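Okay, so here's the structure we're looking at.
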Amino acid sequence: MKYDYIIAGSGCAGLSLLYRMLTAPQLCKKQILVIDKSQKNKNDRTWCFWEKGKGLFEPIVTHQWETLEFLSDDFTRKFDMPTYRYKMIQGIDFYNHVINFAKEFENVSFISESITTIQSENNLAEVITEKAVYKAAYVFNSTNLFHPKMDTSNSLLQHFEGWVIKTKTPVFDATVGRLMDFRLSQQHGTTFMYVLPTSETEALVEYTLFTEKVLEKEEYKAELKSYIQNYLQIEEYEIQHTEFGIIPMSLAKFSRNVPNEKYIINIGTAGGFTKASSGYTFQFVQKHTENIIELLQHGKYPNPALTFRDKMFQWYDRTLLEVILSEKLQGKEIFATMFKKLPIETILAFLGNESTFWEDLKIMGSLPIGPFLTSGIKQL
Ligand SMILES: Cc1cc2nc3c(=O)[nH]c(=O)nc-3n(C[C@H](O)[C@H](O)[C@H](O)COP(=O)(O)OP(=O)(O)OC[C@H]3O[C@@H](n4cnc5c(N)ncnc54)[C@H](O)[C@@H]3O)c2cc1C
C-alpha cells in the first residue's frame, strides 16, 4: 500500500503534525501511517513554552503563569507579562490527547517498529523497519537517523533532573514561575534551578546545566535536596514524579532538508527546531508544523524555505552558544545582564524568534560587545 504521508517518530513533532493534519479539512482523509519504536504511554517529559493567547493544545495545558521570576546573586525580580503566558504541558497528556483523537480516523494507522533507514526510490519515500518497507509521497521524519555529528567542539548538553514535589502545608505561590535561579555554584558551567508551582502544595523543581558532560546521578539529587531545604526552606515533602533529560545545544547543522532527498522532510529536533541557545523546542515545532499544513493544503511543497529572519535568529543562536562554549562569558552573566536591563517580553520575544529588528538591537545593546562581536563574526 502507498500512503500519502508517513510520520516517522511520534513524539512532539510527529504528533503535532498529525493533529494538525487531522484538523485540516483538506488533509484529514489522507492515508497516514505513523511509525514509532515506542508506545508513547509514559509521562517521559514536561514541556514548557511561552505564547500569546490560546494555542492549539490549550485544553491540555496543566498550568500557566502570568508572572515569571529571575534570580541571581545581586538581583531578584518578578516580571508581570502583559501578553505572553508561560505554559506547561505533561508529555502523557499530549500523547493521549493526540493518539485518542487519531484513533477515530480509519485512514490513520499506527505501527510500533524500529526504523533502520529512510530513503527515496522512484519518486516515493521509503521507510524501512526491521519488519517491512513502507512507501509514501512524503515522509516527515523526527527520528535521529539524519542527525549531524555532535561532539564537545561544537555542542553543549543541556541536562537536567526535575522532581515534582508535594508538601503537606501550603508553601508555593502558584501564580509565579521561577524561570531561572542562578544563585548556585557555577563550577561545572551554566547552572540554574527552575521552580514551577502548579498549586500551593505542588511544584516542579528542576536542576539544569549547560555543560559538556552529564553529572553523576547522585549530584543532581544532592543539589535538588539542598535547594529545596536551603532556598525553598521546605523540610517535609514527597517526590511524586522525577524526570531526567538531555537536550543537545549544538552548532552542528540540523537541517529540515535531507541532502538529495526531496520527499523526506525533517521535523522537530531532527529538523533544527531545538533552539541551539536554550533547548526550547515545543513552540518552534508548533510554528513549523503549522507552516507545513498551510503548504500541504495549498498543494505546495511542504518544506518551507528558511526566511531571512530565520537565518538571522539561527545566527544569533550560534553566536550566543559560541560565547558560552568558548567560555568568553558564563550563561549566568549573559542572562543576568539581559534580565537586569530589559523588559521580560522583549527577552521572550527574542528567545522565541518573534522579536522585531528594533528589539534585536536592544538585546544586542544590553550585552557586552567584545565577546559577542568575535563570536558573531566567527559564526557568520
Ligand atoms: C525530559 C525532557 C524535557 C524537555 N522539556 C522541554 C520543555 O520544557 N520545553 C521545550 O520546548 N522543549 C523541551 N524538551 C526538548 C524537546 O521539546 C523534546 O525533546 C521534544 O520531545 C522534541 O520533539 P521531537 O518530536 O523532535 O522528538 P521526540 O519527542 O523525542 O520524538 C521522536 C520520536 O521518534 C522515535 N524514534 C526515534 N528513533 C526511532 C527509530 N529508529 N525508529 C522508530 N522510532 C524512533 C522516538 O521513540 C520518539 O517517539 C525536553 C526534552 C526532554 C528530553
I'd like the residue in the stretch 264-277 that is in a loop (DSSP other than H, G, I, E, B) and more than 8 Å from the chain's Cα centre (by Cα) and, out of all such residues, is nearest to Asp4 (Cα to Cα). Ile267
Go through the stretch 75-84 and give me each residue that's closer than 18 Å to Thr337 by Cα and in contact (Cβ under 8 Å) with a residue 12 or more places away in the chain. Phe75, Arg77, Lys78, Phe79
Return the pair list, or none, for Cβ contacts closer than 7 Å from residues in the stretch 291-316 that are in the same structural domain as Val258 (by TED's automatic domain parsing) and among the small types (Gly, Ala, Ser) to residues that are modelled with pLDDT of 95 or more and part of a helix (DSSP H, G or I), at least 6 apart or on different chains. none
With the requirement that a residue be surrounded by fewer than 19 Cβ atoms within 10 Å (Cβ to Cβ) and part of a helix (DSSP H, G or I), what does the stretch 336-352 give you? Thr337, Lys340, Lys341
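Specify which of the listed residues (Ala8, Ala13) is within 16 Å of the ligand (Cβ to nearest atom), crowded, with 19+ Cβ neighbours inside 10 Å, assigned by TED's automatic domain parsing to the domain that holds Thr269 and within 30 Å of Glu345 (Cβ to Cβ).
Answer to the selection: Ala13.
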Those residues of the stretch 61-105 which are over 23 Å from Gly352 (Cβ atoms) and either part of a loop (DSSP other than H, G, I, E, B) or of a type in the set (Phe, Trp, Tyr) (or both) amount to Asp73, Asp74, Phe75, Tyr95, Phe101, Lys103, Glu104, Phe105
Is there a residue in the stretch 245-262 that is more than 25 Å from Ile7 (Cβ to Cβ), more than 14 Å from the ligand (Cβ to nearest atom) and at pLDDT 95 or above? no
Condition first: modelled with pLDDT of 95 or more, of a type in the set (S, T, N, Q) and in a loop (DSSP other than H, G, I, E, B). Now tell me which residues in the stretch 114-143 satisfy that. Ser114, Ser142, Thr143
Looking only at the stretch 27-40, and only at residues there that are at pLDDT 95 or above and surrounded by fewer than 16 Cβ atoms within 10 Å (Cβ to Cβ), the one that is nearest to Tyr95 (Cα to Cα): Ser38
Can you name the number of the only condition in (1) modelled with pLDDT of 95 or more; (2) within 30 Å of Ile377 (Cα to Cα); (3) not hydrophobic (A, V, I, L, M, F, W, C) that Glu290 fails? (2)
When residues of the stretch 279-318 are filtered for being touching an Asp or Glu at 6+ places or on another chain (Cβ under 9 Å) and surrounded by fewer than 18 Cβ atoms within 10 Å (Cβ to Cβ), how many remain? 3
Go through the stretch 212-244 and give me each residue that's in contact with a helix residue (DSSP H, G or I) (Cβ under 7 Å, 6 or more places away or on another chain) and either within 16 Å of the ligand (Cβ to nearest atom) or among the aromatic types (Phe, Trp, Tyr) (or both). Tyr237
Is at least one residue of the stretch 65-88 over 30 Å from Gly331 (Cβ atoms), of a type in the set (Gly, Ala, Ser) and either touching an Asp or Glu at 6+ places or on another chain (Cβ under 6 Å) or surrounded by 14 or more Cβ atoms within 10 Å (Cβ to Cβ) (or both)? no
Please specify each residue of the stretch 93-152 satisfying the condition of being near the ligand (Cβ under 10 Å from one of its atoms) and more than 26 Å from the chain's Cα centre (by Cα). Thr129, Glu130
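The values are calculated or read from the model by the stated rules, or taken from the named source; none is laboratory data. All values reported here derive from a predicted model rather than from experimental measurement. With ideal geometry, Cβ positions are generated from the backbone for all residues, glycine too; neighbour counts draw on all protein chains shown.
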